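Below: the structure, in C-alpha cells.
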Amino acid sequence: METGIQGIIDLREGAKSDVADLTGQVHQLPSSIKFDGPSSVSQYFKPKPAGIETEGLMVEEAYFRGRKLQGTTVSLPEGYCGFVLGKKSNGKRISSDMSEENSNCWKVNATFENIMYWNHDSLPSQNDAFLRSLHWLTVAKALHNPVTAEDLSSTSIALKRLD
C-alpha cells in the first residue's frame, strides 16, 4: 500500500529578518505560465489604479499578453501570513535513491501579507471564488476553537427560547 509523499517545511526561517517581504508584489493571475525562472516582470506588467471602486474593492487594471485584467489587492486575514517556499539544500546526499533535487525539504524564501488577484472578463467582486475561499479561514477557526461552558450555556438558553 502506497503511503504518499512526505516532506518537511521549515517555517522557522520565515521569522528571520533576512527573508524577503513580498507584500504588495504577489499576484494571482487567471492563467497558467509554463516558465520557471527569472523574468523582468516589472518592465512589462504595470498595474495602475482604474479609478473604480466596486463592492468596497479598489480596482486596478493591467495588461498581460495584450489581455486586459482587472483586479484588487486583498489583505490576508489577521493572524495569517503567506509564504514563498523553495527546496532546502542539505549540501549532502540523503541516500542513493534520494538526491538533493528529489528531497522533500522546503524552506521559506519570502513572506507576504496581501495578494493581488486578477480577473480576465469581469470586475473584482465579493462573490469571486478567490475571495470566498478566504472566508473558509473564519469558518475553520470557529470549528476548531474550544467550546467553553459559557458557550454551551448561552446556546442552551437560546434553544429553550425557540421552543
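The values are calculated or read from the model by the stated rules, or taken from the named source; none is laboratory data. The structure presented is a predicted model; accordingly, all values stated were derived computationally and were not measured. Please note: Cβ atoms are built from the backbone with ideal geometry, for glycine as well, and neighbour counts cover all protein chains shown.
Couple of notes before you dig in:
- Residue list for the range 42-75, restricted to those being of a type in the set (S, T, N, Q) and under 26 Å from HIS135 (Cβ atoms): THR54, GLN70, THR72, THR73, SER75
- The lone exception for ASP36 - which of (1) over 20 Å from SER133 (Cα atoms); (2) of a type in the set (Asp, Glu); (3) modelled with pLDDT of 90 or more it fails: (3)
- Scanning the range 121-135 for residues that are modelled with pLDDT of 90 or more and either assigned to a loop (DSSP other than H, G, I, E, B) or of a type in the set (Phe, Trp, Tyr) (or both) yields SER122, LEU123, PRO124, SER125, GLN126, ASN127, ASP128, PHE130.
- Exactly one residue among MET98, MET58 is modelled with pLDDT of 90 or more and aliphatic (A, V, I, L, M), and that residue is MET58.
- In the range 106-135, the qualifying residues are those that are without any contact (Cβ under 8 Å) to a residue 12 or more places away in the chain and surrounded by 11 or more Cβ atoms within 10 Å (Cβ to Cβ), and the one that is farthest from CYS81 (Cα to Cα) is ASP128.
- Search result, residues across the range 43-93 that are outside any strand (DSSP E or B), within 16 Å of GLN28 (Cβ to Cβ) and hydroxyl-bearing (Ser, Thr, Tyr): TYR80
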